[in-house]
Amino acid sequence: VQLVESGGGLVQAGGSLRLSCAASGRTFSSYSMGWFRQAPGKEREFVASVSWSGGSTYYADSVKGRFTISRDNAKNTGYLQMNNLQPADTALYYCAAVATLRLRAHTYEYDYWGQGTQVTVSS
């Protein structure tokens with residue numbers, strides 16, 4: 001499956017962005033999906049994941065209550081709604097997919113990755 005992220009940009013602290021992840025090549029609904037981010041000089045970290053049906057979600061503590069992960073299997077697209085963004089959220093955001101029914105929260109558990117979209121939050 002091929003993944004392409006979009007929706008990143010520059011936003012002031014307290015603002016919002018919605019990232020999209022367009023999938024192609026395989027049946028998107030067969031895959032669980034996750035979002036990860038990587039800031040300069042830091043390791044890639046887990047942000048959120050959603051099950052194949054969209055019925056189950058899981059979040060990193062740092063974004064819980066501010067970010068919402070979702071998906072539309074009819075459109076082969078996943079989303080990450082990010083509210084109340086803070087400078088600490090500045091990073092390159094990646095979507096990832098894995099052919100499993102379970103939620104996954106580690107980079108090594110995902111088989112497919114997009115190229116990333118940059119999110120920059122100014123103070």
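The values are calculated or read from the model by the stated rules, or taken from the named source; none is laboratory data. Keep in mind that this is a model prediction, so the values were computed, not measured. Reconstructed Cβ throughout: ideal geometry from the backbone, glycine too, with neighbour counts over all protein chains shown. Heads up: the accessible areas ignore ligands, DNA and RNA and are worked out on the full protein's heavy atoms, side chains in. Shrake-Rupley method; radii C 1.70, N 1.55, O 1.52, S 1.80 Å.
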Problem set entry | Residue list for region 106-123, filter: open to solvent by 70 Å² or more (accessible area, probe 1.4 Å), among the polar types (S, T, N, Q) and not in a strand (DSSP E or B) | Gln115, Ser123
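Conditions tested, residue by residue: (1) crowded, with 20+ Cβ neighbours inside 10 Å; (2) touching a helix residue (DSSP H, G or I) at 6+ places or on another chain (Cβ under 8 Å).
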| site | (1), (2) |
| --- | --- |
| Gly34 | yes, no |
| Gln38 | no, no |
| Ser49 | yes, no |
| Trp52 | yes, yes |
| Lys64 | no, no |
| Asn76 | no, yes |
| Met82 | yes, yes |
For this session: Give me the pairs, please: first residue somewhere in region 1-18 and over 14 Å from Thr90 (Cβ atoms), second residue anywhere and of a type in the set (D, E, K, R) and surrounded by 13 or more Cβ atoms within 10 Å (Cβ to Cβ), beta-carbon distance under 6 Å, and either six or more positions apart or on two chains.
Result: Val1/Arg26; Gly7/Arg18
For this session: Collect the residues in region 9-32 that are open to solvent by 30 Å² or more (accessible area, probe 1.4 Å), not polar (S, T, N, Q) and not in a strand (DSSP E or B), keeping them in residue-number order.
Result: Ala13, Gly14, Gly25, Arg26
Exercise. What residue, among those in region 46-76 that are closer than 16 Å to Ala97 by Cα and of a type in the set (S, T, N, Q), is modelled with the lowest pLDDT?
Worked result: Ser53
Exercise. Looking at (1) under 22 Å from Arg26 (Cα atoms); (2) part of a strand (DSSP E or B), can you tell me which one Leu103 breaks?
Worked result: (2)
Exercise. Among Ala97, Ala60, Ala74, which is the only one that is of a type in the set (A, V, I, L, M, F, W, C) and over 16 Å from the mean Cα position of the chain (by Cα)?
Worked result: Ala74
